[in-house]
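**Student:** Below is one structure. I have some questions about it.
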2 protein chains.
Amino acid sequence: MATMTDVAKRAGVSVSTVSYVLTGTRPISEATRERVLAAMAELDYQPNAMARGLASRQSNIVGLLLPLTGRGLGATETAFVTGATEAARAAGYHLMLCPVGADDGDELQALATQRLLDGFLLMEVRLTDRRVELLRKLQAPFVLIGRTKNSTGLACVDIDFEQTVGDAVAHLVSLGHETIAYVNHSKASLASGYGPAKRTEAAFKVALKRHGITGVMVPTDDTAAGGRAAIREARECCPALTGVLVMNESAALGILAELREAGLDVPWDVSVVSMVTSAPVAELASPPLTAMTSPGAAVGAAATRILLERLGGGAGSTYEELLPCALEVRGTTGAAKKRKR
Amino acid sequence: MATMTDVAKRAGVSVSTVSYVLTGTRPISEATRERVLAAMAELDYQPNAMARGLASRQSNIVGLLLPLTGRGLGATETAFVTGATEAARAAGYHLMLCPVGADDGDELQALATQRLLDGFLLMEVRLTDRRVELLRKLQAPFVLIGRTKNSTGLACVDIDFEQTVGDAVAHLVSLGHETIAYVNHSKASLASGYGPAKRTEAAFKVALKRHGITGVMVPTDDTAAGGRAAIREARECCPALTGVLVMNESAALGILAELREAGLDVPWDVSVVSMVTSAPVAELASPPLTAMTSPGAAVGAAATRILLERLGGGAGSTYEELLPCALEVRGTTGAAKKRKR
DNA sequence: CTGAAAGCGCTAACAA
DNA sequence: TTGTTAGCGCTTTCAG
């Protein structure tokens, strides 16, 4: 394992010169640079990450904090992770997976104080999140994926729910649908003020008004059974219903199953749009779900980019970046059936 | 940020004493240990990871090498990752995600030479995998998740495909099924010698013989369409077919859809067992899939455990650990219909 | 444009 | 049972 001293000797220069060609922190004549580079190549030299980290006070590693529940990660979260990983790698950083949820304060305190990580990406952010207070107190650079209650002074990247709901409703309206249900997350989520649930609810109302159509919001559990119950409820209170927008993938599948069993054809009788859904899941359904595809990898990449900017000394001013989900029309939406009048 | 020197001063001991209470490398009297611990607590001391790594020549970080294709990770791979992460954390190690596939030699060469990682976990191992040769050459400790062509001298953890196929077939047989199809990975996979495809094929034949029943293997694409085609082909060549074992989740869903459209009831007319399937996906289907649930987290944890043992100086002898998938009976298997005779 | 040398914070001989 | 000290391999002043 060649060290910097070996390289210096072989190139006939001092260690500091080798260091400078590596970091580019000061001008080096073309001639010596080439000798040094050659020596490195001949010795298969790679700088020792630990020594470098110790001397420079930075590890070039960022931590991805996410709670690792037994249930594992969904497709969207996985895309965050891969997007962030690749963005980090492209910038010469590494990404460490840290199973630290909203409540694991001590774990994080230790992690952040060990100086192993230059900054943090927080996933599964909750409205009040201990990790946020803690990192702020420790003055550690970090970026949220999602949003907390009060985000002043914080940097965050999130899905643009307002835009996404607007686009979904516009799609249904353009197909002639005039009565739409929005199957949201559960009542409990809404009551607890869960961001996506609240924001999509508001956006749904705005969209209805803008298009001058009618609709209902039905909260339900994020399960297939929840979807079934929700669609029954929605059809009961709005028999004219021809379009459904649904927040959760499992609920979406439940809705398809329930409609099928009720003898209704999708999309002939009812059109269904699934929100924040990944392509693989959308394609598992039959017919494949028309969906608003979550910009998973893009979110992860954006968060990483912002974090790295801040590591470069950027100030800690408020910053928000919202990415909309893209409409992907598959098999569950079609022209609205003309109602009898 | 308190350093070890600060702690030593405050406790009235030398730095080495502090170091030794931290590492436990040599006996310390209870009295001084307590003073040191107290000093640490008062100063919120956390050892600097980089300094520690430099001095001890180990980072306490292991790398998880996996190709990050655009498609993202499936549920099974995600479970590997979370299982490995938690096992590492429990042992005081961290886990770094490294997007390095079977062919990215140089990337890995650099990574391994930087001394940032103590060892490696390889996912998505291919029959011939450049990463394996390279790590072996560099004498870096590593464990495979999956198997290569020749695994002598290597440590690996894998799903026990033989056992899993055997169990699946036994389940169908116990329900009275006597003609079974096995819908495998694609012809291309088989031709390329892809391990799971080959091993399950062999195991299927063995199981048929053992139970004295008949069956066919149909290779197909890992897609819903592939599943549809496969089940059509199977029923054509074996009209007596009442049981299906299928390797891929998407194909399994395709099979269910195709059978439904053909007017056949599952499990009344045909029973379906899906292999190496995660619970969430199994439950998306309707009826929910009876499946052999992949031991994802257990595989990740086992691989980590073995790697950490080897870091502790354990020799590099061949080691293989195979974990079977567990049968979870859901809604797609039932008693075989009696055939007309 | 280049070199010498002082650390970075810790571990692990060696010495007592 | 404890202290002293020489590095680990690199970055970065300070000099030239």
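Each value in this text was obtained by applying a stated rule to the coordinates, not by laboratory testing. What you see is a predicted model; the values in this text were computed from it and never measured. Positions of Cβ are backbone-derived with ideal geometry, glycine not excepted, and every protein chain shown enters the neighbour counts.
**Student:** So how tilted is helix A:249-261 from the main axis of chain A? Cα-based, degrees 0 to 90, rounded to 10.
**Tutor:** Rounded to the nearest ten degrees, it is 30.
**Student:** Also, quick follow-up: Beyond 28 Å between alpha-carbons counts as too far, so tell me which of B:Lys137/B:Lys187; A:Lys137/B:Lys9; A:Lys9/B:Lys137; A:Lys198/A:Lys337; A:Lys187/A:Lys337 fall in that bin.
**Tutor:** Checking Cα-Cα distances, B:Lys137/B:Lys187; A:Lys198/A:Lys337; A:Lys187/A:Lys337 exceed 28 Å.
**Student:** At A:Lys337, label 7 Å along Cα→Cβ: distances to the other copies, nm, ascending?
**Tutor:** Between copies, matching label points for A:Lys337 lie 3.0 nm apart.
**Student:** Each label point is 7 Å from the Cα along the Cα-to-Cβ direction; what then is the distance between the points at A:Glu133 and B:Ala170, in nm?
**Tutor:** Roughly 5.4 nm, to one decimal.
**Student:** Compute the angle between helix B:195-211 and the longest alpha-carbon principal axis of chain B, please, reported from 0 to 90 degrees and rounded to the nearest 10.
**Tutor:** 50
**Student:** Sort largest first and round to whole Å: the equivalent ellipsoid semi-axes of segment B:79-161, each the square root of five times a Cα gyration tensor eigenvalue.
**Tutor:** They are 19, 17, 11 Å, listed largest first.
**Student:** How far is the Cα center of segment B:83-143 from the Cα center of segment B:235-289, in Å?
**Tutor:** Centre-to-centre (Cα) distance: 37 Å.
**Student:** If a/c stays under 1.5 just call it rounded; otherwise compare a/b with b/c (prolate if a/b is bigger, oblate if not). Do that for segment A:1-95, with a ≥ b ≥ c from the square roots of the Cα gyration tensor eigenvalues.
**Tutor:** It comes out prolate by the Cα gyration axes.
**Student:** Continuing with the same structure: If each residue's Cβ is checked for other Cβ atoms within 10 Å, how do A:Val157, A:Val273 rank with the fewest at the top?
**Tutor:** A:Val157, A:Val273
**Student:** Also, I was wondering about something else. Please report, to two decimal places, log10 I(q)/I(0) for segment B:240-341 at q = 0.17, 0.20, 0.21 Å⁻¹ as given by the Debye formula with identical point scatterers on the Cα atoms and no solvent.
**Tutor:** Relative scattering, expressed as log10 I(q)/I(0), comes to -0.76, -0.93, -0.99.
**Student:** Where the centre of each part is set by its Cα atoms, how far does segment A:192-210 sit from segment B:1-26, in angstrom?
**Tutor:** Segment A:192-210 and segment B:1-26 have Cα centres spaced 55 Å from each other.
**Student:** Using only the Cα atoms of segment A:4-53, build the gyration tensor, take square roots of its eigenvalues as a ≥ b ≥ c, and label the shape rounded, prolate or oblate: rounded if a/c is under 1.5, else prolate if a/b is larger than b/c, else oblate.
**Tutor:** oblate
**Student:** Taking the label point 7 Å from Cα in the Cβ direction, how far apart in nm is B:Ser174 from each other copy of itself, listed shortest first?
**Tutor:** Taking the point 7 Å beyond Cα along Cα→Cβ, the inter-copy spacings are 5.4 nm.
**Student:** Give me the angle, in degrees from 0 to 90, between the Cα long axis of helix A:75-90 and the longest principal axis of the Cα atoms of chain A, rounded to the nearest 10.
**Tutor:** 20
**Student:** For chain A, set up a Gaussian network in which alpha carbons nearer than 10 Å are linked by springs, and say which option among A:Val244, A:Val62, A:Val15 fluctuates the most.
**Tutor:** Per the Cα network of chain A with a 10 Å cutoff, A:Val15 tops the list.
**Student:** Treating only the Cβ atoms of Lys and Arg (+1) and Asp and Glu (-1) as charged, compute the dipole magnitude of segment B:3-76 about its Cα centre; round to the nearest 20 debye.
**Tutor:** Rounded to the nearest 20 debye, it is 260 debye.
**Student:** If each label sits 7 angstrom from Cα along the C-beta direction, how far apart, in nm, is B:Leu311 from its counterparts in the other copies?
**Tutor:** Label-point separations across copies, in nm and ascending: 2.1.
**Student:** Now for a separate question. Pop the C-beta distance of A:Gln114 and A:Leu327 into the FRET formula with R0 = 45 Å and round what comes out to the nearest 0.05.
**Tutor:** 0.50
**Student:** Take the Cβ-Cβ distance between B:Arg210 and B:Ser56 as r, set R0 to 60 Å, and report the resulting FRET efficiency rounded to the nearest 0.05.
**Tutor:** 0.65
**Student:** Right, here's the next one. Counting other beta carbons within 10 Å of each residue's own, what order do A:Ser317, B:Ser294, A:Ser286, A:Ser192 fall into, fewest first?
**Tutor:** The most exposed by this proxy come first: A:Ser317, A:Ser192, A:Ser286, B:Ser294.
**Student:** Got a sec? Charge dipole of chain B, +1 on Cβ for Lys and Arg, -1 for Asp and Glu; which of B:Pro287, B:Ser274, B:Thr214 is way out at the positive end?
**Tutor:** B:Thr214
**Student:** Only four residue types carry charge here, +1 at the Cβ of Lys and Arg and -1 at the Cβ of Asp and Glu. Report the dipole size of the protein assembly as shown about the Cα centre in Debye, rounded to the nearest 20.
**Tutor:** The calculated dipole for the protein assembly as shown is roughly 40 debye.
**Student:** Got a sec? How would A:His185, B:His177 order by Cβ neighbour count within 10 Å, fewest to most?
**Tutor:** Ordered by Cβ neighbours within 10 Å, fewest first: A:His185, B:His177.
**Student:** Next up: Please report the base-10 log of the normalised intensity I(q)/I(0) for the protein assembly as shown, using a Debye sum with one equal scatterer per alpha carbon and no solvent, at each q in 0.05, 0.09 (1/Å).
**Tutor:** Each listed q corresponds, in turn, to -0.29, -0.89.
**Student:** Below 8 Å between Cα atoms, with a sequence gap of 6+, how large is the relative contact order for chain A in percent?
**Tutor:** Contact order relative to length: 18 percent.
**Student:** Could you give the Stokes-Einstein D for segment A:178-292 in µm² per second, using the C-alpha Kirkwood radius, 25 °C, 0.890 mPa s?
**Tutor:** Answer, rounded: 177 µm²/s.
**Student:** Let me ask you something else. Where does chain B land at 222 nm, in deg cm²/dmol rounded to the nearest 500, when only DSSP H runs of n ≥ 4 count, each adding -39500 (n - 2.57), divided by all residues?
**Tutor:** Estimated from H runs of four or more residues: -14000 deg cm²/dmol.
**Student:** Net charge near A:Gln163: determine it from the other residues with C-beta under 14 Å of the C-beta of A:Gln163, scoring Lys and Arg +1 and Asp and Glu -1.
**Tutor:** Local net charge: -4.
**Student:** Another one. Taking just the alpha-carbon atoms of chain B, what radius of gyration and Dmax come out, in angstrom?
**Tutor:** Final numbers for Rg and Dmax: 25.6, 92 Å.
**Student:** Return, ordered by residue number, the residues of segment B:186-206 whose backbone nitrogen is under 19 Å from a label point located 7 Å along Cα→Cβ of B:Glu233.
**Tutor:** Label zone hits: B:186-205.
**Student:** Choose one answer from A:Met96, A:Met217, A:Met40: the residue with the largest mean-square fluctuation in a GNM of chain A with alpha-carbon springs under 10 Å.
**Tutor:** Taking springs between Cα atoms under 10 Å, the residue moving most is A:Met40.
**Student:** Now for a different question. As an exercise, use a Förster radius of 22 Å and the Cβ-Cβ distance of A:Leu37 and B:Glu107 to find the FRET efficiency, rounded to the nearest 0.05.
**Tutor:** Step by step, r from the Cβ atoms, then E = 0.70.
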